[in-house]
Structures are given as structure tokens and as C-alpha cells.
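Chemist: Quick one: the structure is below, and I'll ask about it shortly.
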Amino acid sequence: MGEDVFEMRRFVARLEPGYTMPELLVVVAILGITALIAIPLVLSYMPGATVRYAARELQSGLNRAKLMAVTTRQPVCVQATAGGYRFFQNTTCTGTPWSGAGTRANGLFTLTNNIAVALVAGANPVFNQFGIAVQTGTLRVTGQTGRSTTVSVQASGRVTIP
């Protein structure tokens with residue numbers, strides 16, 4: 001009789017739900033292999049994505065300058081600086097920079113992750129009261145890893161990222 005009880009317990013233990021150790025080891029191995037493949041891809045993607053995001057952020061800022069020129073009926077000049085960019089309500093980017101929502105105390109707009117902005121072609125973009133660029137320019141956004149992309153202001157006032 002004692003052997004029958006032992007056989008029943010062994011049989012019942014097999015019916016209980018759960019995973020065996022080999023099954024768990026296979027799942028952990030698959031997760032580890034997937035992580036080994038995915039982590040380098042994510043790490044190589046991040047610097048480029050950061051620069052692309054900063055370029056879209058600069059594009060938005062340039063469109064804001066264009067809108068400001070239209071709504072205030074005054075020309076707006078956008079000056080690139082190492083730390084970001086500034087707006088001036090004139091055509092020469094001189095005098096006191098505009099300071100308002102989104103700027104620091106000195107009128108500086110900064111991009112996320114300390115992305116640098118520089119003028120690489122043309123002049124400082126200037127938008128007139130109709131939203132047309134009376135001065136066109138190309139700005140370069142450069143990340144900390146050296147990756148960069150450009151943002152261009154066309155004569156029509158359109159701001160593009162290639």
C-alpha cells in the first residue's frame with residue numbers, strides 16, 4: 001500500500017502546471033541572444049536619432065520665427081550660436097535679441113542634449129512680414145558624437161531638412 005501512495009504522488013506532481021528547468025534555460029538563452037543583437041543596434045541608432053530630433057526642433061524654431069514675422073508685421077532675423085539660436089526683430093541680427101517664451105534670459109533658444117547649431121551657407125535667415133525669406137541660409141546641427149545634419153531656409157520661406 002505504501003508504494004501505491006508514492007506512485008500517486010509522483011503521478012500528481014507531473015500534472016501540476018509549471019515549467020521545467022530546461023524550458024526556462026532555453027527562454028533565458030533566447031532572451032540573452034536577442035539582447036546581444038539588439039543592444040548594439042540601439043546604441044548605434046541613438047546618436048543619429050538625437051541629431052535628427054534636434055534638426056526637427058530647429059526647423060520648428062525657424063517656422064516660429066517666420067510666424068512671428070507675419071504676426072508682428074516686422075522682419076525677424078535668426079542668428080545661430082554655438083549654444084542654440086536667437087531671434088532679432090530686424091534684418092541684421094543686431095541689438096537686443098527677442099526674449100520670450102522658450103528662451104533663456106539672454107534670448108537664447110537651446111536644443112536638447114546640448115546640440116550645437118552653426119551657419120554653414122548663406123546668411124542668417126531673415127523672414128519678412130509675409131513669411132518670405134529675404135535672406136536664406138543653411139544651418140548645421142551637430143551632436144556630441146560628431147554626427148550632423150542640415151536645416152535649410154529657402155527663398156519661399158520653407159524650412160527643410162534633407
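The values are calculated or read from the model by the stated rules, or taken from the named source; none is laboratory data. Every value quoted in this text rests on a predicted model; they were computed, and no experiment measured them. Cβ placement follows ideal geometry from the backbone for every residue including glycine, while neighbour counts extend to all protein chains displayed.
Chemist: Name every residue in segment 99-142 that is of a type in the set (D, E, K, R) and either in contact with a Cys (Cβ under 6 Å, 6 or more places away or on another chain) or surrounded by fewer than 16 Cβ atoms within 10 Å (Cβ to Cβ) (or both), in order of residue number.
Modeler: Once the filter is applied, which keeps residues that are of a type in the set (D, E, K, R) and either in contact with a Cys (Cβ under 6 Å, 6 or more places away or on another chain) or surrounded by fewer than 16 Cβ atoms within 10 Å (Cβ to Cβ) (or both), segment 99-142 yields only ARG104.
Chemist: Name the one entry in ARG56, ARG64 that is without any contact (Cβ under 8 Å) to a residue 40 or more places away in the chain and under 24 Å from ASN114 (Cβ atoms).
Modeler: ARG64
Conditions tested, residue by residue: (1) of a type in the set (A, V, I, L, M); (2) part of a helix (DSSP H, G or I); (3) modelled with pLDDT under 75; (4) assigned by TED's automatic domain parsing to the domain that holds ARG140.
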| site | (1), (2), (3), (4) |
| --- | --- |
| ALA13 | yes, yes, yes, no |
| GLY18 | no, no, no, no |
| ILE30 | yes, yes, no, no |
| ARG56 | no, yes, no, yes |
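Chemist: What number of residues within segment 19-55 satisfy the criterion of being of a type in the set (Phe, Trp, Tyr) and more than 24 Å from the chain's Cα centre (by Cα)?
Modeler: So the answer is 1.
Chemist: If a residue must be in contact (Cβ under 8 Å) with a residue 24 or more places away in the chain and more than 17 Å from THR150 (Cα to Cα), how many such residues does segment 103-112 contain?
Modeler: 2
Chemist: Going through segment 134-149 one residue at a time, which ones are farther than 10 Å from VAL51 by Cβ and either touching a residue at least 60 places away in the same chain (Cβ under 8 Å) or of a type in the set (Phe, Trp, Tyr) (or both)?
Modeler: LEU139, the sole residue that qualifies.
Chemist: Okay, moving on. Going through segment 69-80 one residue at a time, which ones are part of a loop (DSSP other than H, G, I, E, B) and exposed (fewer than 14 other Cβ atoms within 10 Å of the Cβ)?
Modeler: Once the filter is applied, which keeps residues that are part of a loop (DSSP other than H, G, I, E, B) and exposed (fewer than 14 other Cβ atoms within 10 Å of the Cβ), segment 69-80 yields only ARG73.
Chemist: Where the second residue is of a type in the set (Val, Ile, Thr) and the first is outside the structural domain of GLY61 (by TED's automatic domain parsing) and lies in segment 76-93, which pairs have Cβ atoms under 9 Å and are six or more apart or on separate chains?
Modeler: Sorted first by the residue in segment 76-93, then by its partner, the list stays empty.
Chemist: Strands (runs of 3 or more DSSP E) wholly in segment 81-162 with at least 2 residues that are farther than 17 Å from SER60 by Cα and in contact with a strand residue (DSSP E or B) (Cβ under 8 Å, 6 or more places away or on another chain) - which ones?
Modeler: Filter on segment 81-162 gives 116-127, 133-142.
Chemist: Could you list, ordered by first residue, the pairs with Cβ atoms under 8 Å in which the first is in segment 28-50 and of a type in the set (S, T, N, Q) and the second is surrounded by 10 or more Cβ atoms within 10 Å (Cβ to Cβ) and in a helix (DSSP H, G or I), at least 6 apart or interchain?
Modeler: Matching pairs, first to second residue: THR50/ASN113.
Chemist: What number of residues within segment 81-98 satisfy the criterion of being modelled with pLDDT under 90 and surrounded by fewer than 12 Cβ atoms within 10 Å (Cβ to Cβ)?
Modeler: Of the residues in segment 81-98, 1 are modelled with pLDDT under 90 and surrounded by fewer than 12 Cβ atoms within 10 Å (Cβ to Cβ).
Chemist: Also: Any residue that is under 12 Å from GLY157 (Cβ atoms) and of a type in the set (S, T, N, Q) - is there at least one of those in segment 94-109?
Modeler: Looking through segment 94-109, none of the residues is under 12 Å from GLY157 (Cβ atoms) and of a type in the set (S, T, N, Q).
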